[in-house]
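A short write-up of the structure that comes next.
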2 protein chains.
Amino acid sequence: MAQELYFEDFYIGQKFTSIGGAKVTAEEIKEFGQKYDPQPFHLDEAAGEGSFFKGLAASGWLTAAIVMRLRVQTIQVAGGMIGAGVEELRWIQPVRPGDTLRIESEVLGIRHSQNRPEFGVVRTRTMTYNQRDEPVMRGVVNFLAPLKPKR
Amino acid sequence: MAQELYFEDFYIGQKFTSIGGAKVTAEEIKEFGQKYDPQPFHLDEAAGEGSFFKGLAASGWLTAAIVMRLRVQTIQVAGGMIGAGVEELRWIQPVRPGDTLRIESEVLGIRHSQNRPEFGVVRTRTMTYNQRDEPVMRGVVNFLAPLKPKR
């Protein structure tokens with residue numbers, strides 16, 4: 001397990017790469033679709049064929065959820081990764097059954113929190129790639145990181 | 001079932017309000033947490049107590065997923081709601097077990113798609129409220145809407 005990171009441990013240009021990948025199955029796509037994004041192209045191969053996606057595709061929110069798991073595994077913030085807002089999320093191409101996703105995150109900015117003096121805000125851009133190294137999602141997300149406890 | 005909407009049906013200032021609400025249970029929070037956001041405050045009441053959230057709280061990505069379901073139910077786009085990117089997502093306060101969420105969406109902008117001449121892009125701001133009418137999430141999301149077929 002990697003060391004837990006405090007605000008002082010982050011710097012602009014710092015990079016994090018997921019270890020291993022997340023394989024996305026048709027079953028997971030359909031289960032998530034039924035619960036959270038019940039549209040034909042997220043539920044059924046045949047129904048997807050006649051749609052914008054020309055087949056079964058993962059909900060963009062499933063991709064975002066899988067990326068959150070990869071981020072939590074990859075960037076271990078002391079006390080947990082607390083989201084402080086998304087600035088951008090772009091779905092570049094569909095995620096299909098059998099795709100394996102991996103991420104590369106880069107720190108774009110760091111600043112002290114105005115509301116919470118015991119925290120800083122880390123601004124990151126995360127690129128998500130499939131097994132062909134094609135980008136499938138780009139996101140810019142801020143999270144909180146606690147300042148190191150004073151001794 | 002509401003009428004399916006084409007690009008020409010949308011206008012700036014148009015509002016959509018979810019019918020009914022989405023109740024969030026501790027079971028759903030923990031299940032989503034285990035799959036996509038495995039951090040103590042999304043998995044276990046006792047572990048959450050000592051955390052930033054002071055208790056069990058829904059992953060922000062679970063809230064976003066529930067809101068997608070409410071949006072799909074509320075705004076019925078012809079051919080389905082295809083995300084064209086998120087411009088902002090802010091989690092304003094935690095979603096707790098037993099909360100019931102509802103949404104209010106407003107159209108902020110409409111434009112023709114540059115890449116896809118058969119589609120327009122609808123820019124919407126969606127506010128999510130809990131059962132006490134407190135805002136829990138604010139989002140600005142673009143989606144595609146098809147132009148009406150020419151006769």
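The values are calculated or read from the model by the stated rules, or taken from the named source; none is laboratory data. On a predicted model such as this, the values are computed, not experimentally measured, just so you know. All Cβ positions, glycine included, derive from the backbone under ideal geometry; neighbour counts span all protein chains shown. The accessibility values were calculated without ligands, DNA or RNA, using every heavy atom of the protein model including side chains. Shrake-Rupley method; radii C 1.70, N 1.55, O 1.52, S 1.80 Å.
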Looking at segment B:123-134 only, could you name the residues that are out of contact with any Pro (no Cβ under 8 Å at 6 or more places or on another chain) and closer than 14 Å to residue B:18 by Cβ? B:124, B:126, B:130, B:131, B:133
Identify the residue in segment B:41-68 that is within 7 Å of chain A (Cβ to nearest Cβ) and over 19 Å from the mean Cα position of the chain (by Cα) and, among all such residues, is most open to solvent (accessible area, probe 1.4 Å). B:52
Out of all the residues in segment B:69-80, which are facing chain A (nearest Cβ under 7 Å) and in contact (Cβ under 8 Å) with a residue 12 or more places away in the chain? B:69, B:79
Can you say whether residue B:96 is within 23 Å of residue A:62 (Cα to Cα), of a type in the set (Lys, Arg), surrounded by fewer than 21 Cβ atoms within 10 Å (Cβ to Cβ) and in contact with a Ser or Thr (Cβ under 9 Å, 6 or more places away or on another chain), as far as the supplied structure shows? no
So which residues in segment A:16-53 are under 15 Å from residue A:66 (Cα atoms) and of a type in the set (Phe, Trp, Tyr)? A:32, A:36
Quick one: which residue in A:84, A:78 is crowded, with 18+ Cβ neighbours inside 10 Å and under 25 Å from residue B:63 (Cβ atoms)? A:84
Give me a count of the residues in segment B:118-127 that are assigned to a strand (DSSP E or B) and over 19 Å from the mean Cα position of the chain (by Cα). 2
